[in-house]
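K.L.:
The structure is given below, and queries will be raised subsequently.
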Amino acid sequence: MAAQTRPWNETLKPEGIKAYKQFVAERDKQVASFLEFDPLRAQGTSNERAAVSTKSKTLEGLPFGVKDNIAVKNFHLTCGSKILESLVSPYNATAIQKLLDAGAVPVGKTNMDEFGMGSSTDNSAYKTTNNPHDLTRVSGGSSGGSAAAVAAGLVPFALGSDTGGSIRQPASFCGVYGLKPTYGAVSRYGLVAYASSLEVVGALAKDITILENVYETIKGLDGRDQTSTDPNDFPLLKKEVKTVGVLADRSGLDGMQAKSLEISIEALKKAGFAIKEVSLPLLDYAVPAYYTIASAEASANLARFNGIRYGNRPIYSENPDDLVRQARDQGFGDEVKLRILLGTFVLRSGFQDQYYLRAQKIRTAIRNQFDRAFEDIDLLLLPVFPIPAFKHGDLGMTAFQQKLADKYTTAANLTGLPGLSLPGPVLESVPVGMQFMAPAMHEHLLFQVARALQSSLPSADPAAYPAVYS
Ligand code: GLN
């Protein structure tokens, strides 16, 4: 099988499609990363494709997977939820349209935690996705299907969304790169909203050059998303990385995670970067602030899924109230229900200043602390998750433990800053990634350091995937 690690080179020509489908069907049996796979659906006729753009097609012929909360015309858009089981998107998200214009081809929709809520992809209403390195472990979440599909070699890149770590955490679990761009750098038009002020569309890839090309393609101002901005309008304060800050407080890290960071620090020193310890004490408040804000926004965003405007409608109901109650009761999973309840709780009248407004103040304070830190450093190195990919089910982490473990990823969402998860060394059976954060709109610094470390870090080599490649 090793010879077939890049099946897509030939496959997007009609004669290759059958082989590509077989390849993915065979390999994805164990990994279960795709909810829907059809390389022909989005291609259109060759004339249509030729007419799409006169721009240079930087991603010509590259197939890609799309998290199932991003709209791709004629594909389902379930968000991993039963409530949207029958929804087929009539339009393309802006990021998808830009990729199509650059010649890339969306080939399928990837599995995810329902509405992006979770860190394992076990919260999908459809199936659980397995880590390609060790099938007994989770792929991470919520973009776990995208990470696993890339890691298993089914697609060269995939789109995901990151509201609290959902691109970076599965990327780290599966040993691929995962970019969470600056808030607003990529249009959210066509992304089904979970927590609008925190989330962003980003990408995962095994190859850093492909990831950079994808980011360059999808970024930019979009009239359909009022929060989008043009990264080119920002003054670039830093052109290159000289000093890398390392988070001083690394308590509570699993031994493998700590080791991965030590290896990264050594690699950074070897590559000639200066290292400086940085302390960010407010990071301890990131998780409560994040879950307060994310749940509040989710309770408002998910109100539209009521069986009338969107969502499966129950077969019989007594009256409109009963219809909505049944639609939500049958359509939403437990985690989603919990967060909607939590969101309405923190927003209820008379209590907003105790929870929601306090969380917003903490959010501003965290952002100020990061801004101050970036006066002395160019990038910050920190963990992605305190432990490597955990086991499925009871042997793994409880939903509450998973939330506490979002400490290192949620800061980028609360502050809007970009973060890149890098594939780390394979320790025991799974890779253990690490994360770099940068000042707003300084994604180029993330790519610079990733490239500099490429040769010195032991990477998650496909040969180390016994479960899938044997
Ligand atoms: N673990 C985070 C959550 O459950 C991840 C969210 C995300 O980025 N979609 O909310």
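The values are calculated or read from the model by the stated rules, or taken from the named source; none is laboratory data. Values in this document were obtained by computation on a predicted structure and should not be read as measured data. With ideal geometry, Cβ positions are generated from the backbone for all residues, glycine too; neighbour counts draw on all protein chains shown. These area figures cover heavy atoms from the full protein model, side chains too; ligands, DNA and RNA do not enter into them. Shrake-Rupley method; radii C 1.70, N 1.55, O 1.52, S 1.80 Å.
K.L.:
Which residues' amide hydrogens lie under 5 Å from the amide hydrogen of T110, considering only partners 5 or more residues apart or on another chain, with H built in the peptide plane?
P.N.:
HN-HN under 5 Å from T110: L35, V66, K67, D68.
K.L.:
Measuring from label point to label point, each 7 Å out along Cα→Cβ, what is the F345 to N232 span in nm?
P.N.:
Placing both labels 7 Å along Cα→Cβ, they lie 4.8 nm apart.
K.L.:
Moving to a separate point now. With the other protein chains left in place, how much accessible area per residue, in square angstrom, belongs to the chain at a 1.4 angstrom probe?
P.N.:
Normalised by residue count, the accessible surface of the chain is 39 Å².
K.L.:
On the full set of protein chains, 1.4 Å probe, figure out the accessible area of Y316 and give it in Å² to the nearest 10.
P.N.:
150 Å²
K.L.:
Can you give me the long-range amide H partners of A203? Hydrogens built in the peptide plane at 1.01 Å from N, cutoff under 5 Å, separation of 5 or more residues or another chain.
P.N.:
Excluding prolines and chain starts, which carry no amide H, the hits are G160, L179.
K.L.:
Calculate how large, on average over all directions, the projected area of the Cα convex hull of segment 282-336 is; give the answer in nm² to one decimal.
P.N.:
Quarter of the Cα hull surface area: 4.3 nm².
K.L.:
Let me ask something else about it. Cβ neighbours within 10 Å, averaged per peptide: list 319-325, 242-248 in order, most packed at the top.
P.N.:
242-248, 319-325
K.L.:
Can you give me the % of accessible surface on the chain that is carbon or sulfur? Probe 1.4 Å, all protein chains present, nothing else counted. Write down the numbers at each step before the final one.
P.N.:
Working: 9770 of 18360 Å².
Of the solvent-accessible surface of the chain, carbon and sulfur hold 53 percent.
K.L.:
Among 191-199, 265-273, 207-215, what's the highest-first ranking by average C-beta atoms within 10 angstrom per residue?
P.N.:
On the way: 191-199: 22.1, 265-273: 15.7, 207-215: 20.2.
Put in order of decreasing packing, that is 191-199, 207-215, 265-273.
K.L.:
Using helices alone, I'd like the mean residue ellipticity at 222 nm for the chain: each DSSP H run of four-plus residues gives -39500 (n - 2.57), total over residue count, nearest 500.
P.N.:
-11000 deg cm²/dmol
K.L.:
³J(HN,Hα) across segment 230-239 via Karplus (A = 6.51, B = -1.76, C = 1.60, θ = phi - 60°), whole Hz, x for Gly/Pro?
P.N.:
Using θ = phi - 60°, the values come out as 9, x, 5, 7, 8, x, 7, 6, 10, 8 Hz.
K.L.:
Please list 125-133, 392-400 highest first by mean number of surrounding beta-carbon atoms within 10 Å per residue.
P.N.:
Peptide ranking by packing, descending: 125-133, 392-400.
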